[in-house]
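Asker: Quick one: the structure is below, questions incoming.
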C-alpha cells in the first residue's frame, strides 16, 4: 500500500462521496487524491492546488463492453480488415479520454503543472505517436530530472490570485 508511506494527506475515491472528496482536495494542504477516470469529467480545480495528474495507462475502452465488442466485430466484418475497429473506434476513444484526463490540470491561463502518463506503449507502439500528437502542445520529458523546477513551485503572486 502506498498511502501509509506518504507524508501528505491522502484519500481515495471509495472513502467518501465525490463532492466531499473534491471539497477536501480544494481545502487540504498538499493533498493527494487517488481516483479513476470517473473524475475526468465534471471536476474542475483551478490554481496551484492541482499541480500533478498521473495517468497510469492509455484509457482504451474495455473489450468486455458487449456493445463496444459488437461494434468492433461489425467493423471487422464489413471492412474485411481485422484491425479496422482499432483505428475507427479504439484509438479515437482513447485519444478523447486521454485529453479529458490531461485536461484536469490546466483549467485557467495561470494553471501550471505536470501530466505524467506512465504507459510505455506511448513510446513503444506505433499508435503511441498518434496518441501523443492528438494532445494539446506540451513539453515532453522522459526523466523526472528533466522537469523544470519552476513547475513544482507556484509563484506567490499567482497563488494569491487563485486563492481570492
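The values are calculated or read from the model by the stated rules, or taken from the named source; none is laboratory data. For clarity, every value in this text was computed on a predicted model and none was experimentally measured. Counting neighbours? That spans all protein chains shown, and the Cβs are built from the backbone with ideal geometry, glycine included.
Asker: Within the range 103-126, restricting attention to residues that are surrounded by fewer than 17 Cβ atoms within 10 Å (Cβ to Cβ) and assigned to a helix (DSSP H, G or I), which residue is nearest to the chain's Cα centre (by Cα)?
Answerer: If we take residues in the range 103-126 being surrounded by fewer than 17 Cβ atoms within 10 Å (Cβ to Cβ) and assigned to a helix (DSSP H, G or I), then 121 is nearest to the chain's Cα centre (by Cα).
Asker: Then there's this: For a quick check of your reading: which helices (runs of 4 or more DSSP H) sit entirely within the range 1-102 and have at least 3 residues that are free of Cβ contacts under 8 Å to residues at least 24 places away in the same chain?
Answerer: Fully inside the range 1-102 and qualifying: 18-27, 66-79.
Asker: When only residues in the range 55-87 that are within 22 Å of residue 101 (Cβ to Cβ) and loosely packed, with under 12 Cβ neighbours inside 10 Å count, which is modelled with the lowest pLDDT?
Answerer: The residue in question is 63.
Asker: Next up: Filter the range 88-102 down to the residues that are farther than 15 Å from residue 53 by Cβ and buried (at least 18 other Cβ atoms within 10 Å of the Cβ) and list them by number.
Answerer: Selection gives 90, 94, 95.
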